[in-house]
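Novice: The structure is given below, and queries will be raised subsequently.
The values are calculated or read from the model by the stated rules, or taken from the named source; none is laboratory data. Here the structure is a predicted model, which is why all the values come from computation and not from measurement. No Cβ is skipped: glycine too gets one built from the backbone with ideal geometry, and neighbour counts run over all protein chains shown. When the accessible area is computed, the model is the full protein with side chains, heavy atoms only, and any ligands, DNA or RNA have been set aside. Shrake-Rupley method; radii C 1.70, N 1.55, O 1.52, S 1.80 Å.
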Amino acid sequence: MSTRKLISSTSKKSIHFHKIPPTILNSLIWADKNETQSSNPSLTPKNPSILATNLIKSYSESGQIIEARTLFDEMPERDVVAWTAMITGYTSFHYHTHAWRLFVEMAGTAAVDPNEYTVSTVLKACRSMKSLLYGTLVHGLALKRGLEGSLYVDNALMDMYATCCDCMDSAWMVFKGIKVKNDVSWTTLITGYTHIGDGYGGLRVFRHMILEEVKLNPYSFSIAVRACASTCWLVFGKLMHAAVTKHGFGSNIPVTNSILDMYCRCGCLSEANQYFHGMSEKDLITWNTLIAGYERSDSSESLNIFSRMESEGFSPNSFTFSSVIAACANLAVLRCGQQVHGGIIHKGLDRDLALANSLIDMYAKCGNISDSQKIFSDMLHRDLVTWTSMMIGFGSHGYGKEAVVLFDEMVRSGIRPDRIVFIAVLSACSHAGLVDEGLRYFETMVGKYNIKPNQEIYGCIVDLLGRAGRVNEAYRLIQSMPFKADETVWGALLAACKAHRLADLGKFAARRVLDLRPNMMGAYVMLSNIYAAEGKYKEFAKIRKMMRRMGNKKEVGKSWIEVKNQVYSFVVGDKMGSHTEHIYVVLDLLNGNMKEAGYVPDLDCLVNDLEGGS
DNA sequence: TTAGGGTTAG
């Protein structure tokens with residue numbers, strides 16, 4: 001019930017009750033119950049509990065959760081509805097721990113029993129806390145009280161299992177047990193599959209939903225389109241787009257936003273752009289979807305769209321900033337990133353965990369590791385992504401020891417490492433020459449954390465050993481792998497062979513890479529360089545000829561730098577641009593300094609350069 | 001007769 005409705009049922013006067021202190025309201029509400037004289041008899045309701053519960057809701061809806069709790073605490077009698085309203089107030093305010101504590105208090109000490117309303121609400125809190133343990137306890141309680149069978153409880157149980165812990169088996173069990181399923185049951189199941197990234201699973205359920213002739217609504221369509229987007233298969237996406245139009249949901253914003261997202265995720269940016277311009281109504285999510293879509297493949301355009309969004313009067317939120325910061329990181333445009341950071345602070349979003357994580361990444365990629373560190377150390381709460389981003393930053397800046405120290409600190413803080421953070425720390429060890437530390441982490445990963453190494457992890461270890469000159473050991477590791485090494489693992493060995501001039505093993509590794517990826521020009525370049533270093537110019541020429549025949553499509557290495565708000569990009573041997581002369585003067589100066597410091601250039605690379613490679 | 005559900009952007 002809204003505040004307005006509440007007032008009309010109690011008094012004709014237009015009073016905003018949530019603006020009155022709860023203590024005064026409570027004394028008025030319970031006045032006749034306590035047999036005392038009310039100062040305003042027109043406010044005295046027939047059932048004070050109903051009015052107090054309505055006020056708890058009213059306070060919660062207006063963001064006054066402390067006032068709601070004060071009112072709740074001062075109620076002389078609290079029925080199950082009052083308890084549930086207060087728990088709901090906490091969940092709608094994202095105070096899930098408070099909601100859980102109140103539920104425990106209710107179940108343990110209060111004279112009232114939780115009912116289906118209470119259970120479905122508290123399951124939402126369990127899901128948001130990602131606590132399978134609490135969720136399972138509530139499931140047990142629901143069974144004990146015979147509440148399983150209520151569609152609200154069953155749907156909330158499915159949602160909890162599917163969304164909080166990816167337990168799709170348990171979600172399925174609950175789903176199968178529902179005798180008469182409704183559209184929410186089906187939608188919740190599709191959401192579960194989409195949540196774990198199984199778009200095909202979601203689409204199978206959607207198909208089943210159609211076969212069972214369940215009435216389709218915007219909820220089911222938007223999640224089904226999201227499932228299509230997860231598969232990245234445009235054919236499904238276009239079929240779904242047609243179905244949306246046919247069912248008359250072509251103007252529903254969540255549905256159209258998910259179609260826009262689908263085109264972006266399928267890599268069809270021109271279709272996405274066309275669709276975006278044809279949309280009759282756009283909201284902030286529409287803009288955020290397009291910005292995020294462009295960030296993944298054309299970061300520069302993503303920043304242009306952000307600028308257009310602001311000029312059209314939309315105010316960015318944390319989702320917008322997250323994509324824009326990622327775009328700045330991809331482009332390594334420090335000044336732009338700093339300006340966006342200013343906008344984040346201005347909006348009061350600098351405590352947003354995901355944003356702080358992306359800022360750590362952005363500053364590191366823009367070369368400013370000290371600002372990454374500052375954000376990291378100022379953070380009150382850190383998650384696995386925070387630690388991983390900081391470790392990747394340290395690793396890419398050559399601070400291997402700092403990354404190792406951070407990893408140990410993270411484990412001490414109670415965060416369980418995953419495969420990605422191991423890749424971060426192993427890569428940092430590799431670049432800093434910390435071979436023994438890296439090998440120790442590899443053993444810990446397998447032995448202590450039971451994480452099975454994948455191609456990427458093996459690639460890191462081969463790189464770690466290879467860079468340190470332990471190339472034969474790296475080769476033995478590849479031979480001992482439980483699955484066939486892919487081109488990245490062989491590529492790491494090839495790079496090590498080239499660096500340490502192991503021609504035979506290098507040629508072998510290059511062949512393995514080219515067996516798996518015949519178009520990998522980098523491998524041809526390395527192979528030809530190995531032949532050149534051996535003085536086998538006939539073999540060298542043969543490879544180069546082969547490369548020319550294939551079109552020599554090795555992507556040219558590109559560098560860029562931001563000076564006074566402008567980005568300058570250049571490739572090897574570039575003579576373009578107005579500042580070329582100055583750049584070459586500085587380059588000559590640097591070359592002189594390096595030679596004085598004892599640097600001997602690698603002439604093998606010169607062969608590559610002459611051929612117009614990277 | 002006061003409390004409850006599923007969708008889209010990182």
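Novice: Cα axis of helix A:400-412 to longest principal axis of chain A: angle in degrees, 0 to 90, nearest 10?
Specialist: Roughly 30 degrees, rounded to the nearest 10.
Novice: Give me the percent of the accessible area of chain A that comes from carbon and sulfur atoms, probe 1.4 Å, all protein chains in place.
Specialist: Within chain A, the accessible surface is 55 percent carbon and sulfur.
Novice: Further question on the same structure: If we count every other residue with Cβ under 15 angstrom of residue A:382's Cβ, Lys/Arg +1 and Asp/Glu -1, where does the sum land?
Specialist: -4
Novice: Using the scaling law 2.2 N^0.38 Å as the reference, what is the normalised Cα Rg of segment A:453-554?
Specialist: 1.05
Novice: Further question on the same structure: Taking the full set of protein chains and a 1.4 angstrom probe, give the accessible area of residue A:449 in square angstrom, rounded to the nearest 10.
Specialist: 20
Novice: Same structure again: Separation between the residue A:210 and residue A:296 pseudo-spin-labels, each 7 Å from Cα along Cα→Cβ, expressed in nm?
Specialist: Once both label points are built, they end up 2.3 nm from each other.
Novice: Go through A:458-471, A:482-495 and give me the packing order, highest mean Cβ count within 10 Å leading. Each step should come with its number before you reach the end.
Specialist: Values: A:458-471: 23.3, A:482-495: 20.1.
Answer by packing, highest mean first, reads A:458-471, A:482-495.
Novice: How large is the accessible surface per residue of segment A:453-554, computed with a 1.4 Å probe and reported in Å² as a whole number? Before the final figure, lay out each step's value.
Specialist: Working: 5230 Å² over 102 residues.
I get 51 Å² per residue for segment A:453-554.
Novice: Enter the angle in degrees (range 0 to 90, nearest 10) between the Cα long axis of helix A:334-346 and the first principal axis of the Cα atoms of chain A, meaning the one along which they spread out most.
Specialist: With rounding to tens, the tilt is 10 degrees.
Novice: Counting every Cα pair in segment A:382-451, what percent are over 15 Å apart?
Specialist: The calculated P(r) of segment A:382-451 puts 44 percent of pairs beyond 15 Å.
Novice: Using Cα centres only, tell me the gap between segment A:416-449 and segment A:178-194 in whole Å.
Specialist: 41
Novice: Round to the nearest 10 and give me the degree value, 0 to 90, for the angle of helix A:537-549's Cα axis relative to the longest principal axis of chain A.
Specialist: The angle comes out near 50 degrees.
Novice: While we're here: State whether segment A:250-377 is rounded, prolate or oblate according to the following rule on the C-alpha gyration tensor (a ≥ b ≥ c being the square roots of its eigenvalues): a/c under 1.5 gives rounded; otherwise a/b larger than b/c gives prolate, and the remaining case gives oblate.
Specialist: Verdict is prolate for segment A:250-377.
Novice: Using a Förster distance of 25 Å, how high is the FRET efficiency between residue A:347 and residue A:574, based on the Cβ-Cβ distance and rounded to 0.05?
Specialist: 0.05
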